[in-house]
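Only one structure is covered here, and it is reproduced in the block below.
The values are calculated or read from the model by the stated rules, or taken from the named source; none is laboratory data. A quick note: this is a predicted structure, and the numbers were derived from the prediction, not measured. When we count neighbours, we look across all protein chains shown, and the Cβ atoms used for this are built from the backbone with ideal geometry, even at glycine. These accessible areas exclude ligands, DNA and RNA; they are computed on the full protein's heavy atoms, side chains included. Shrake-Rupley method; radii C 1.70, N 1.55, O 1.52, S 1.80 Å.
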Amino acid sequence: MMTAVPRIALSTSATGPEPSTAGLAVLAGLTASRWRVQHFRSSACPTTTEVVAAATGLPERHLDTWLMPPSVCQSLFVAGARAASLGVVEGALDAVRPASPCPSSPAPSLCGGDFRGDLRALTRILDLPIVSVLSVAEATRDGDWFHLPHLPKGTEAIILDGVRNDLELERWRRFIRLNLGVPVVGAVDLLPGARGAVEAAARGEIRLTGDVLDALGASFLRHADLNALAVVATSRVDPTRLQGRDAGGREAGPTGFRGASARDDAFGCHFPDTLEALEALGAHLVEFSPIRDGALPDGVDLVMIGCGFPDQHAHELAANLSMIAALRQHVCRGQRIYSEGGGTAYLGRSMVINGKSIPGAGILPFDAELAPNPTPPSPVVRTLLRDCWIGPRGAQVRGYKSDRWTLRTSVEPFECPSCFGSLSRDDDLYFRHHAVGGLIHLHLGALPEVVAAFAGPHRPSLKRPSTVGLSQEPDDDDDQDA
């Protein structure tokens, strides 16, 4: 893949916080040196990404070989990194991917602290030069040599992590130069306070402050060889494309479609590619707050409520009766709502938090109960039980399921059963008229048919989808449209 995008694969440990402490130091340091860095995870897990945006000024993006075919990985990378001076894809090179999940049960988690996605495959798809983070602490004991450090196959440069002083750093530089034959392009000091803060933030206990990121970035810059890093990053660049950076985008579609995306303290977790894919189709996107606003923006065709933490603002959401009425009216007029994770919990009849029931928007037919000890999101495949505007009956939807909420079906008297119900046998994807919500997070940048349906007519297209994320299963039975 020869493109005009300077890029590296940053190989980090398969355990610990994500992004890694060393990765954050690299991002913060390069940004402080006026490099415009676009960070990509090697799996598209729907977890919060504010720390990357705080370090680089750019939202974190995601690539995922389980969700996306190689061509989609390439186009999303080029589109995401085209305005940057460096694309960094972070993950673990030697991690083993769990077996693909069957449609009815999730595979082991790809999103917890024990997996970093299939970075090895991405290095081949995107032709990424490999820069490996080498932990000094893992290769020494009490200041003495412990063992020859293992380097992932194909490593072209090294960043040392956790060095205690300049003497130790120089000792390692000489050792690596003589024994491993690859350059050391940077290092990060031990900084126990900053490392503890990064780990606490990964557990959701605190938010990282600018002081921590500044300390990490300054540490990396103090030891960095930016010229050597630039040589590695541009080693795969096609010089004939430098004048006109790869477009990698979609053709713009007809204008006039308006979408409203929820964004406030309770909601706002969307993959950046999702919104950009809609804009590429000609959609005009605006933001609204389910907490503060009393009405939806004027003339919107689609309302999107992504993941977030409605449990932390449940009483405020329940008290905003004007917004709840506006959402219900939107559905009654035949307009579309799409929600994921926490947004889906809010649209249910109630949110049950620590045993207490708090009213939801009352649109989708379930009560949502917050899990006391949720597990990380896991990859799942679901088969749609009926036609709906995101796909035809029998289509397979592939994404990452959040276990923060459990949905329990709750039917009100006199409601027409054909107007609402479950879209999956696992009861984690529901509809009511043209409102669709579930606990499965889709990376819409990898699903062009679904994105087109978002901006298209209400009736679903029954053409056989062609993407890896949405595939058709033959089914001779007829069913109603949702």
Task: Inter-site label distance for ASP214 and CYS419 at 7 Å from Cα along Cβ, in nm - done: 5.7 nm
- [ ] Multiply the residue separation of ALA83 and GLU205 by 0.36 nm, subtract the distance between their alpha-carbon atoms, and state the gained length in nm to one decimal.
- [x] 40.6 nm
TODO: Grab the Cα-Cα distance for LEU226 and ASN373, subtract it from 0.36 nm times how many residues apart they are, and report the gain in nm with one decimal.
DONE: 48.6 nm
- [ ] Give me the distance in nm between label points sitting 7 Å out from Cα along the Cα-to-Cβ direction at ARG171 and LYS153, one decimal.
- [x] 3.2 nm
Task: Label-point separation in nm, ASP127 to LEU180, each point 7 Å along Cα→Cβ - done: 2.6 nm
TODO: Post the alpha-carbon centroid distance, segment 273-309 to segment 348-375, in whole angstrom.
DONE: 23 Å
Task: Potential lengthening between ALA452 and GLN329 on full extension [0.36 nm per residue; Cα-Cα distance subtracted] - done: 41.9 nm
TODO: Return the sequence-ordered ³J(HN,Hα) values of segment 164-179 in whole Hz as given by the Karplus equation 6.51 cos²θ - 1.76 cosθ + 1.60 applied to θ = phi - 60°, using x for Gly and Pro.
DONE: 9, 6, 5, 5, 5, 4, 5, 4, 5, 4, 5, 4, 5, 4, 7, 9
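For SER410, SER85, give the ranking by accessible area with the largest first, probe 1.4 Å.
Details: SER410 25, SER85 50 Å².
Final ranking, largest accessible area leading: SER85, SER410.
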- [ ] With a ≥ b ≥ c taken as the square roots of the eigenvalues of the C-alpha gyration tensor of segment 268-423, please select rounded if a/c is under 1.5 and otherwise prolate if a/b is larger than b/c or oblate if it is not?
- [x] rounded
Task: FRET efficiency, 1/(1 + (r/R0)^6) with R0 30 Å, evaluated for ASN354 and ALA53 via beta carbons - done: 0.45
